[in-house]
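Since the structure comes first, as structure tokens, the remarks are kept for the end.
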Amino acid sequence: MITNYGTLKTEVASWLNRTDLSDATLATFVQLAEGDIRNDVRIRANETAYAGTVGALNWALPSDLLEVRGIWINEEAFIYVSPEEYARRLDMEVEGYYTIVGDQIYVTSGVGDAYELLYYPSFAAFSVDADTNSLLEKAPNVYLWAACKHGCTYTRDDAGFMLFDNRYQTAVAALNAIEKRGELGNSMVVRAA
């Protein structure tokens with residue numbers, strides 16, 4: 001049964017049918033899996049709200065932000081637009097829009113007003129065997145299949161890689177579909193690099 005980082009590593013070795021993998025090697029498989037998961041999975045249980053006061057028309061985003069769910073200034077939902085469209089709307093002094101460039105969010109109005117940013121943060125990396133998170137508790141198969149996929153790359157098991165990659169993709173699609181059905185609010189916007 002997978003309950004934390006330590007039991008996850010044990011299960012990865014078991015599913016790969018390997019007894020010769022060191023803890024450090026198994027940790028690398030999980031680390032690589034975490035990278036896949038950060039790109040592919042969004043769950044509501046991991047959503048984070050960040051509040052403050054708009055001091056200028058742009059400010060730094062939280063360092064752990066993966067994807068914006070919505071931004072409200074004075075309880076008004078702002079609408080995402082491309083950086084080019086943002087510049088046009090700013091020139092026209094149109095209120096209620098935002099864009100993201102790099103690690104900065106830009107709004108067309110609201111200086112001095114309260115804001116709330118709802119976003120998906122990056123899942124924190126596991127570091128000690130007792131570590132867990134909402135995704136590991138909800139869908140341990142996502143971590144397991146992703147880590148096994150990377151284990152098969154390491155062991156040069158192409159058939160195993162295909163098997164575990166397929167299982168991972170299926171598990172992620174099912175999880176994201178469940179989450180999508182329960183989703184409320186603004187559409188999501190991926191942070192531009």
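Table for the structure above
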quantity: One residue from Arg69, Arg89 being touching a Leu at 6+ places or on another chain (Cβ under 8 Å), among the basic types (Lys, Arg), at negative phi and not assigned by TED's automatic domain parsing to the domain that holds Ala27; calculated: Arg69
quantity: Candidate set: the stretch 36-47, residues that are aliphatic (A, V, I, L, M) and surrounded by 14 or more Cβ atoms within 10 Å (Cβ to Cβ); chosen: the one modelled with the lowest pLDDT; calculated: Ile43
quantity: Scan of the stretch 113-131 for residues that are buried (at least 20 other Cβ atoms within 10 Å of the Cβ) and more than 21 Å from the chain's Cα centre (by Cα), ordered by number; calculated: Tyr115
quantity: Selection from the stretch 93-129 of residues that are out of contact with any helix residue (DSSP H, G or I) (no Cβ under 9 Å at 6 or more places or on another chain) and aromatic (Phe, Trp, Tyr); calculated: Tyr115, Tyr119
quantity: Residue under evaluation Ser134, criteria (1) loosely packed, with under 14 Cβ neighbours inside 10 Å; (2) outside the structural domain of Gln31 (by TED's automatic domain parsing); (3) small (Gly, Ala, Ser), criterion not met; calculated: (2)
quantity: From Leu32, Leu21, residue being assigned to a loop (DSSP other than H, G, I, E, B) and out of contact with any Leu (no Cβ under 7 Å at 6 or more places or on another chain); calculated: Leu21
quantity: Some residue of the stretch 141-150 being part of a helix (DSSP H, G or I), in the same structural domain as Gln31 (by TED's automatic domain parsing) and in contact with a Gly (Cβ under 7 Å, 6 or more places away or on another chain); calculated: no
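For every residue, the table says whether it meets (1) among the aliphatic types (A, V, I, L, M); (2) crowded, with 16+ Cβ neighbours inside 10 Å; (3) under 21 Å from Asn176 (Cα atoms).
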{"residue": "Ser14", "(1), (2), (3)": "no, no, no"}
{"residue": "Leu21", "(1), (2), (3)": "yes, yes, no"}
{"residue": "Glu34", "(1), (2), (3)": "no, yes, yes"}
{"residue": "Ala49", "(1), (2), (3)": "yes, no, yes"}
{"residue": "Val94", "(1), (2), (3)": "yes, no, no"}
{"residue": "Val111", "(1), (2), (3)": "yes, no, no"}
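Residue-by-condition table, conditions (1) modelled with pLDDT under 95; (2) assigned to a loop (DSSP other than H, G, I, E, B):
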residue: Val68; (1), (2): yes, no
residue: Leu90; (1), (2): yes, no
residue: Glu93; (1), (2): yes, yes
residue: Tyr106; (1), (2): no, no
residue: Glu116; (1), (2): no, no
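The values are calculated or read from the model by the stated rules, or taken from the named source; none is laboratory data. Only a predicted model underlies this, so the values are computations on that prediction, with no experimental measurement involved. Cβ: placed from backbone, ideal geometry, glycine included. Neighbour counts: every protein chain shown.
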